[in-house]
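Everything on this sheet refers to the single structure shown next.
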Amino acid sequence: MTTTPPRQQLGPAPNARKHLPSALRGILCLADLEPAARRVLPRPIFGYLQGGVEDNVTLQANVAAFRRWLFRTNVLVDVSTREQGRELLGQRYRAPFGIAPMGLCAMFAFDGDVAIARAAEAAGIPYILSGASLTRMERVAQAAPTCAWFQAYIPGEPAHIESLLERVRQAGFQTLVVTVDTATLANRENNVRVGFSTPLRPSLRLAWDGVLRPRWLLGTLGRTLVKHGMPHFENAGSGRGVPIISSNVVRQFGLRDHLSWEHLALIRRQWSGKLVVKGIISSSDVMRAEQAGADGVILSNHGGRQLDGTAPPLLVLPDAVKAKGRMALMLDSGIRRGTDVLKALAQGADHVFVGRPMAYAAAVGGEQGVAHAITLLRDEIHRDMALLGVRSLDDLCEEHLIAATP
């Protein structure tokens, strides 16, 4: 007598996602978050978050770069125990990815910066608070005391640099990220087309966009105004910046076109914590950052939001590995899957950072949405490691990759 083996169930059990809010149950991967956020956010806010610059050449190239590589797998490897924890800048994190800095998160979700920080802290991954955020850095540092880093848009005046660094130090941040690819404002035509500006200018169009998204109008903007008042740019300097909605004020950008390697040397002398330089895209600049005393660099083209046509970080990663010296080498821009993370690590990256999908997640589900996005990516990495045949991320190398045929 033969016995029919039980049918193997593929995929999650039918009730496996019932613990999630209804808004998150259909989110199966990071790509699902963008259309979900579009349904929540007003057109100008969503357009600012989603868009790149000019023809979006770099924005599209960032994602496409990961598809230029395919995997060589190893089979019959005991992968029953797999570890994706990662040491970075002297601290152990529970996953090889973190959350990139993004401005205006408090406009995507109520207390968006704090929600993202709390989710990152609970997950044990680094979160970089943007200098263009609308939440005081001190609140965010309290929400993520072990995992929060601060990203600064450094002003060109030495006196202002010193006062900003002192505030970051007093807030309790141990890692400072200096963004260096914003010498001038980019040509963000998409912002004009969707009616976005900083500050936002009150208009009938803006009011109508809000009315069309009542969940955002009441749950994010309305709740923010009641609890915190009008959001301001809180972290551009030692004091408070301009409000996010105003008919007459102008946002100042602090002579960023004056910044030079001498300013970075000044920062290194004044900042005793970990120093990371973000926005580098050439191996020669990686080498200069190492010579200037940086502890790490983040290869980045600002998510395709600065110079259109800039190379994706993944494509310059191999040369950067040769030039990094003792520094930690990280990258952002275009990561959407666990396989993307593994491809970057296999080519020598020490860590990666994810941007827009985490902001979309906050818009869709607040802190729980971000936690769900982190879980999705971490689960993909765990599964992909087994299929690739590696027990530890340290086992990854270029031998696991092969260039795709054009």
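The values are calculated or read from the model by the stated rules, or taken from the named source; none is laboratory data. The shown structure was predicted, so the numbers you read here are calculated from the model rather than taken from an experiment. With ideal geometry, Cβ positions are generated from the backbone for all residues, glycine too; neighbour counts draw on all protein chains shown. These area figures cover heavy atoms from the full protein model, side chains too; ligands, DNA and RNA do not enter into them. Shrake-Rupley method; radii C 1.70, N 1.55, O 1.52, S 1.80 Å.
Looking only at the range 344-365, which residues are touching a helix residue (DSSP H, G or I) at 6+ places or on another chain (Cβ under 6 Å), open to solvent by 20 Å² or more (accessible area, probe 1.4 Å) and assigned to a helix (DSSP H, G or I)?
The one that is touching a helix residue (DSSP H, G or I) at 6+ places or on another chain (Cβ under 6 Å), open to solvent by 20 Å² or more (accessible area, probe 1.4 Å) and assigned to a helix (DSSP H, G or I): GLY365.
Whether any residue in the range 58-72 is modelled with pLDDT of 95 or more, buried (at least 18 other Cβ atoms within 10 Å of the Cβ) and touching a Ser or Thr at 6+ places or on another chain (Cβ under 6 Å) is what I want to check.
Checked against the condition, which is being modelled with pLDDT of 95 or more, buried (at least 18 other Cβ atoms within 10 Å of the Cβ) and touching a Ser or Thr at 6+ places or on another chain (Cβ under 6 Å), the range 58-72 yields at least one hit.
I need the helices (runs of 4 or more DSSP H) fully contained in the range 184-287, keeping only those with at least 1 residues that are among the acidic types (Asp, Glu) and closer than 27 Å to LEU307 by Cβ.
Values: elements: 189-194, 204-211, 223-228, 261-270.
Result: 189-194, 261-270.
Name the pairs whose Cβ atoms lie under 9 Å apart, with the first residue in the range 140-168 and under 13 Å from ALA236 (Cα atoms), the second charged (D, E, K, R) and assigned to a strand (DSSP E or B), and 6 or more positions between them or separate chains?
Within 9 Å, the pairs are GLN151/LYS278.
What is the number of the single condition among (1) within 23 Å of VAL114 (Cβ to Cβ); (2) of a type in the set (Lys, Arg); (3) touching a residue at least 12 places away in the same chain (Cβ under 8 Å) that ARG240 does not meet?
Checking ARG240 against (1) within 23 Å of VAL114 (Cβ to Cβ); (2) of a type in the set (Lys, Arg); (3) touching a residue at least 12 places away in the same chain (Cβ under 8 Å), the one that fails is (3).
Contact list please: Cβ distance under 8 Å, first residue in the range 57-73 and within 10 Å of LEU314 (Cβ to Cβ), second residue of a type in the set (Asp, Glu), pairs at least six apart or on different chains.
If the second residue must be of a type in the set (Asp, Glu), the pairs left are PHE66/ASP340.
Go through the range 90-106 and give me each residue that's under 9 Å from the mean Cα position of the chain (by Cα) and either hydrophobic (A, V, I, L, M, F, W, C) or open to solvent by 10 Å² or more (accessible area, probe 1.4 Å) (or both). Can you show your working first?
Of the range 90-106, the ones under 9 Å from the mean Cα position of the chain (by Cα) are 98-102.
ILE99, ALA100, PRO101, MET102, listed by residue number.
Can you pull out every residue in the range 178-216 that is free of Cβ contacts under 8 Å to residues at least 24 places away in the same chain and open to solvent by less than 70 Å² (accessible area, probe 1.4 Å)?
If the condition is that a residue be free of Cβ contacts under 8 Å to residues at least 24 places away in the same chain and open to solvent by less than 70 Å² (accessible area, probe 1.4 Å), then SER197, SER203, ALA207 are the ones that fit.
If I filter the range 115-143 down to residues being closer than 23 Å to ILE244 by Cα and among the charged types (D, E, K, R), which single residue comes out as least open to solvent (accessible area, probe 1.4 Å)?
GLU138
Can you confirm whether HIS232 is surrounded by 14 or more Cβ atoms within 10 Å (Cβ to Cβ) and either in contact with a Lys or Arg (Cβ under 8 Å, 6 or more places away or on another chain) or at pLDDT below 90 (or both)?
The answer is yes for HIS232.
Looking at (1) in contact with a strand residue (DSSP E or B) (Cβ under 8 Å, 6 or more places away or on another chain); (2) within 26 Å of GLY239 (Cβ to Cβ); (3) among the aromatic types (Phe, Trp, Tyr), can you tell me which one PHE108 breaks?
Here PHE108 clears every test but (1).
Which condition number in (1) open to solvent by less than 20 Å² (accessible area, probe 1.4 Å); (2) out of contact with any helix residue (DSSP H, G or I) (no Cβ under 7 Å at 6 or more places or on another chain); (3) among the hydrophobic types (A, V, I, L, M, F, W, C) is the one that VAL321 fails?
(1)
Out of (1) under 30 Å from ASN187 (Cβ atoms); (2) at pLDDT 95 or above; (3) open to solvent by less than 30 Å² (accessible area, probe 1.4 Å), what's the single condition that is false for GLY85?
(1)
When the residues of the range 376-391 are filtered to those that are within 24 Å of the chain's Cα centre (by Cα) and in contact (Cβ under 8 Å) with a residue 60 or more places away in the chain, which remaining residue is most open to solvent (accessible area, probe 1.4 Å)?
Here the answer is HIS382.
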